[in-house]
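Colleague: Can you read through this structure? Questions will come right after.
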Amino acid sequence: MSVEHYLSLCGGKNNITRVLTPDDELIFAVKEVSQVGTSHLIIAIREVLGEHQVVFKRTHSFDDEALLQIGRYIAEQQQIALAVKAEPVDCDYRPSWHISPPQGLLNDPNGFIYHNGEYHLFYQWYPHACQHKDKYWAHLTSADLVNWQWQPVALTPSDWFDAHGVFSGHALSHENQLMLFYTGNTRIGEQRDRHTTQCLAISQDGFHFTKHGPVIEGLPDGVTPHIRDPKIIRHNDAWLMLLGAQTTELKGRLAVYRSEDLLDWQFEGVFGQEFGDFGYMWECPDLFTISEISFAVIGPQGIDSFSAHNTIPHHNGIARATLSTENGLELSDFQHLDYGFDFYAPQTMLTPDGRRVMCGWMGLPDEIDQPSADNGWIHQLTAMRELSVNNGQLVQWPVAEIETLAQPEQTVTLSNSAYNLETKSFDLTLELEWGSQLNLFEGSQHKLTITADAEHQVLVMDRSQTLNRAQDTIRELPLTSDTVKLRILADRSSVEVFVNGGEAVMTSRVFTAPDSTGISLNGKPTQARIKRLNASHAPFKS
Ligand code: FRU
C-alpha cells in the first residue's frame, strides 16, 4: 500500500497535523475526522486531548524516507500557518532592543552560534498561544549581536520524532554546514507517555534546514525519558554530547555520549554524582572554557534557593568542570548564575574575536501569567553578556555592542524626587550606599525598588508595587562588599542589574503602567550616569 493511499484515507495530506509511530503503529492526527475514509487498514480512531488520531498498523511501505516525506507535508502546512504569527502584536511592554516573540510564547535560546560571518540565534517558540505546547525553533541572525533579523522558522514539530516539540539544543558550525542538535519530543496515548530522541538537522546555506531524524533513539540504562537539550563539544579528537538527564532514582545528572563522526553516538555514562542529591532533573547544559577554567552550566530543578523568599524550584548555575579520560566529567563548586526573578536555560557562543557571550531566557518554566500575555505574547531573552573570569570567579557584563544603541551619556543627581527619563529603556550606572533605596520604573502607581539592606547585608529587589502577577515579590542577593556598584540595563518591562562589575546579576521582568518612567533614590543624593537606549529594530518579519 502506497504512502499516498494512507494519506487519502486520512482525508488528504492537508488534513494531517501530526504523525506518530509508537511500537508497530502508525498514527496520523487529523484536522477533520469526517474526512477520514473507511478501510480495514484503520485499526482505531482515537481521541486524545481533543485530537483525532487515525491508527494503522505500521507496514514496510513506511520506511524512514516515507516518514520524512510525511513530515515535510506537515511542515509545509505548519509554515503556511506561521505567516500571520510572525507579525508582531502591538504592546507597550514589548522590549525595544531585547528579543521577544512576535506572538505566542518564547522560552530557551537555542543554537546560539557564529557561522559563516553571521550570528545565528534560535529560540523555543510556541507561536499559537502563550502556552508551553509543541515547540518550534524561531531563527534570527545578526551582524553585531544587537540588531537581529527575523528568518524563516527553522524547525517545526512536523515529524514522528518531534511531533510534540522540537525541544532545545545547540548548533555546530562544521565543514561549512550549520548543524542543529536538538531533542525530539513526542507524547504517546492517553497517558501522554514521553518519548525522547536526540535529533539532527543540517543546513548548507544557514537558513534552510533538512531534518535527518534521530541520531540517538533509545534511552541509556538508568535514565528516564527526561533526557534532553544536547550540547556538542570537541574533546581529545572526539565529539561529546552533553545532555540534561534524570536518573531512574530521580536525581538530576549530565548524560554524556561520544562520537567520531557526529552521527553514530556511544553512551559514556551519567556524571555529576559529586553533587549527590541536587534536584530531580538537570536541564539545558553548556560547557566552555575561559582563561583555562572549564565551566559547566546546568539547570537543576528542585534544589534549595539562595533566598528564603525564592520558592521557585527551577534554578540555573555554573559549576567547575574537569574532563579526563580516567574520570569522565567531574563537577564542583556550584554557583547560581542569577539572583533575580527571571533567568533560565542560558546558552553561550564564541565570537570571532574570542569573547564568550551568553544569552538566557528571561522567564521560568511554569510562569505563563504575565500582563503581556493579555496582548498575545510572553517572555523575552536577556541582553547578550560577555563572560570573563576575575579571581577565579565568573563575571557577566553587557557586550560592548550595546553601546551602539545608547544616546549620549547624562549625569543626573538622583534624590527623593523622581527624575523623569521619559523612557523605560536605559543604561544606568551608580554606586548605591548601604542603607539607601533606588526606585526604578517609578510612576503614579508603580515602582521597582532595589535596596542595599545594611542590616542583613543583602541587595533586595522588590516588585510588589508593579503589575507582576506572580505571588513571590522579593529576591535577595547576599553581599558583603563595602561598595554596591550597579549597572542596570532596562528595557520597558525588564531589568538586568549587574552588581560590582558583574560578579552577580539580578534579572527580572517588571511590568508597570506607561507613566512609570521616573527614577529616584531614598538616601543621600547620588550621582548616576544614564544613557537612554534607543533601538526600535523590532526583530520580526523582514
Ligand atoms: C527548559 C526546557 C528544556 C526543553 C525546553 C522545551 O526550559 O524545559 O529542557 O528542551 O524547555 O521547550
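Colleague: Rounded to two decimals, what is the ratio between the C-alpha radius of gyration of the chain and 2.2 N^0.38 Å?
Modeller: On the way: Rg = 24.2 Å, N = 542, 2.2 N^0.38 = 24.1 Å.
My calculation over the Cα atoms of the chain gives 1.00.
Colleague: At a threshold of 8 angstrom on Cα-Cα distance, excluding pairs fewer than six apart, so keeping six or more, what relative contact order does the range 81-400 reach in percent?
Modeller: It rounds to 14 percent for the range 81-400.
Colleague: Please go through the residue pairs LYS85/LYS447; LYS31/LYS231; LYS31/LYS211 and name each one whose alpha carbons sit more than 29 Å apart in this structure.
Modeller: Working: LYS85/LYS447 33 Å; LYS31/LYS231 36 Å; LYS31/LYS211 24 Å.
Pairs exceeding 29 Å: LYS85/LYS447; LYS31/LYS231.
Colleague: I would also like to ask the following. For the chain, what relative contact order do you get, as a whole percent, if you take Cα pairs closer than 8 Å and at least 6 residues apart? If you can, show how the numbers build up before the last one.
Modeller: Numbers: 1438 pairs, mean separation 67.0, N = 542.
Rounded, it is 12 percent for the chain.
Colleague: Mind checking Rg over Rh on the range 448-494, alpha carbons, Kirkwood formula for Rh?
Modeller: Reported Rg/Rh, Kirkwood definition of Rh: 1.00.
Colleague: Same structure again: When N counts the residues of the range 406-532, how does its alpha-carbon radius of gyration compare numerically with 2.2 N^0.38 Å, as a ratio?
Modeller: Normalised by 2.2 N^0.38 Å, the Cα Rg of the range 406-532 equals 0.96.
Colleague: When you take every Cα atom in the range 41-165, what is the radius of gyration, and what is Dmax, the widest Cα pair distance, in Å?
Modeller: Looking at the range 41-165, its Cα Rg and Dmax stand at 17.6, 55 Å.
Colleague: Would you mind estimating how fast the range 141-218 diffuses translationally, via Stokes-Einstein at 20 °C and 1.002 mPa s with the Kirkwood radius over Cα pairs, in µm²/s? Don't jump to the answer; show the numbers that get you there.
Modeller: Working: Rh = 13.6 Å.
This corresponds to a translational diffusion coefficient of 158 µm²/s.
Colleague: I need two numbers for the range 273-379: Rg to one decimal and Dmax as a whole number, Cα atoms only, in Å.
Modeller: According to the Cα coordinates of the range 273-379, Rg and Dmax are 15.7, 54 Å.
Colleague: I'm a student and want to see the number: the projected area of the Cα convex hull of the range 81-400, averaged over all directions, in nm². Show your work: numbers first, answer last.
Modeller: Details: hull surface 66.0 nm².
Answer in nm², one decimal: 16.5.
Colleague: Also: If exposed GluC sites (Glu not before Pro) are those in a DSSP loop with at most 15 other Cβ within 10 Å, what is the longest stretch of the chain that has none?
Modeller: Result, exposed sites excluded: 33-174.
Colleague: Could I ask something else about it? What list of ³J(HN,Hα) values in whole Hz, one per residue of the range 274-287 in order, does the Karplus curve 6.51 cos²θ - 1.76 cosθ + 1.60 (θ = phi - 60°) give from phi, with Gly and Pro shown as x?
Modeller: 3, 7, x, 7, 9, x, 8, 7, 10, 10, 6, x, 9, 8
Colleague: A follow-up question, please. By how many degrees, between 0 and 90 and to the nearest 10, does the Cα long axis of helix 64-82 differ from the longest principal axis of the chain?
Modeller: Helix 64-82 sits at roughly 50 degrees to that axis.
Colleague: What is the calculated FRET efficiency for ASN147 to ILE43, with r their C-beta to C-beta distance and R₀ = 45 Å, to the nearest 0.05?
Modeller: The pair ASN147/ILE43 has a calculated efficiency of 0.25.
Colleague: Using the Kirkwood radius over C-alpha pairs as Rh, can you work out the diffusion coefficient of the range 3-62 via Stokes-Einstein at 4 °C, viscosity 1.567 mPa s, in µm² per second? Can you show the working numbers first?
Modeller: Details: Rh = 11.3 Å.
Taking Rh from Cα pairs, D becomes 115 µm²/s.
We did not get these values from a lab; they are worked out from the coordinates using the rules stated. Bear in mind the structure is a predicted one, so any value in this text is a computation, not a measurement. Because the Cβ atoms are built from the backbone with ideal geometry, glycine has one as well, and the counts that use them run over all protein chains shown.
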